[in-house]
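Take a look at the structure set out below.
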Amino acid sequence: MKNLISMRDLTREETLRILELAQEIEGGKTRPDLSGRLAALLFYEPSTRTHFSFDTAMKRLGGQTLSMSGSGSTSVQKGESLADTLKTISMYSDLIVIRSPVEGAARYAAEVVDIPIINAGDGANQHPTQALLDLYSIRKTQGTLEGLSVALVGDLKFGRTAHSLVQALAGFRPTFTFVSPEHLVMPQYILEDLDAAGVTYHHQTTLDGVTPGLDVMYVTRIQRERFADPEEYEQVKDSYVIDREILSDAKPTLRVMHPLPRVKEVSTEVDGTEHAYYFQQARNGVPIRQALLALLLGAAS
Ligand code: NCD
């Protein structure tokens, strides 16, 4: 494993190894040493959790970071190409974490530089480190990844976390319910992957009957920044709101997850219930990213 660009690039064994290592790090059984190592965090799009948790992960293992949030203060403003920016940054650092609004940007980065690249989100395409922390969260709360009933709710067209998570779970015999507005359904290329893997899924536009028997409800934000037409966003923005009422017939073990940030799609009244898991989920981003950094920098195997 030289880079992490897409969940599709990871074998089941590699995925499970990352989760194991994260668990060992979180439990204090092992502490990879990243002292003297530098990770460049290149964020061309806003971020709170991903940026801060990579920063935290690196520093808590003794490493250091270089950070860019938005290209405003860099030579990108003078017209420097992404390739030249990346090549330059690779002269100063040992690994690059990149988030870009452009689909394929991380894959491109891996082609132009020799140091490891981690995709921290490329447009509406992929967000593999989020998927790994989602898997970690699911296994922690459900005790297994096998045979779970998982609903994904919200913007399944533009939601990169949903794309990566579905691919990440596909090898574990899940049953998926996709809940989205008609115009925001899961892309066809992902459904084709699921068909090839023999995964059971169905699509619906309302939350009717979703909760009973469900293990994980994974809620996503309607991705306003990906809409070409603001009117279209206005029409779908409040399509779903998860509240106590919707969870009234849930199994006690059902967990509501969300990559965050949320807008209104999970009511704050859910925060105090046994079902809410989104803030713990965000915390799980640290051991997962520590494990990834250690593996890609050769400090763990
Ligand atoms: C997500 C993202 O950037 O794709 N946020 C995150 O990394 N936790 C989800 C979102 O922005 O809706």
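Considering only protein heavy atoms, what per residue accessible area in square angstrom results for segment 1-130 with a 1.4 angstrom probe? Spell out each step's value before the answer.
Working: 6060 Å² over 130 residues.
On a per-residue basis, segment 1-130 sits at 47 Å².
Rank by packing, highest mean first: peptides 59-68, 91-100, 108-117, with packing defined as the count of other Cβ atoms within 10 Å averaged across residues.
Descending packing order for the listed peptides: 91-100, 108-117, 59-68.
From the helices alone, meaning DSSP H stretches of at least four residues, give me the mean residue ellipticity at 222 nm for the chain, per-run term -39500 (n - 2.57), in deg cm²/dmol to the nearest 500. Mind dumping the intermediate values first?
On the way: 9 runs with 106 residues, N = 301.
So the helix-based figure for the chain works out to -11000 deg cm²/dmol.
Return the ratio Rg/(2.2 N^0.38 Å) for segment 128-282, where Rg is computed over Cα atoms only.
Against the compact-globule rule of thumb, the ratio is 0.96.
Starting from 0.36 nm per residue, how many nanometres of slack lie between Phe52 and Leu66 once their C-alpha separation is accounted for?
Working: separation 14, 0.36 × 14 = 5.04 nm, distance 1.21 nm.
Full extension of this stretch gives 3.8 nm more.
Taking one equal scatterer on every alpha-carbon of the chain, how large is log10 of I(q)/I(0) by Debye at q = 0.11, 0.15, 0.16 1/Å?
Debye curve over Cα of the chain, log10 I(q)/I(0) at q = 0.11, 0.15, 0.16 Å⁻¹: -0.65, -1.19, -1.34.
Based on the Cβ-Cβ distance from Lys59 to Thr273, what FRET efficiency comes out when R0 is 45 Å, to the nearest 0.05?
0.85
Between 0 and 90 degrees, rounded to the nearest ten: what's the tilt of helix 128-142 against the longest Cα principal axis of the chain?
In the chain, helix 128-142 runs at an angle near 50 degrees to the longest axis.
Where the accessible area of the chain is counted over protein heavy atoms with a 1.4 Å probe, how much of it, in %, is carbon and sulfur? Write down the numbers at each step before the final one.
Details: 6250 of 12960 Å².
After summing per-atom areas, the C and S share lands at 48 percent.
Tell me, what HN-Hα J-couplings in whole Hz come from the Karplus equation 6.51 cos²θ - 1.76 cosθ + 1.60 at θ = phi - 60° for each residue of segment 229-246, using x for Gly and Pro?
With the stated coefficients, segment 229-246 comes to 10, x, 4, 5, 4, 4, 5, 10, 4, 10, 4, 9, 10, 7, 10, 4, 4, 5 Hz.
Dividing the Cα convex hull volume of segment 236-301 by residue count, how many Å³ per residue is that?
Numbers: hull volume 7.7 nm³, N = 66.
Taking only Cα atoms, segment 236-301 has a hull volume of 117 Å³ per residue.
Give the Rg (one decimal place) followed by the Dmax (whole number) of segment 61-171, computed from C-alpha coordinates and expressed in Å.
Final numbers for Rg and Dmax: 16.7, 52 Å.
The values are calculated or read from the model by the stated rules, or taken from the named source; none is laboratory data. The model shown is predicted, which means the values in this text are computed figures rather than measured ones. Neighbour counts are summed over all protein chains in view; Cβ atoms, including those assigned to glycine, are modelled from backbone coordinates with ideal geometry. Protein only, heavy atoms only, side chains kept; ligands, DNA and RNA dropped before computing areas. Shrake-Rupley method; radii C 1.70, N 1.55, O 1.52, S 1.80 Å.
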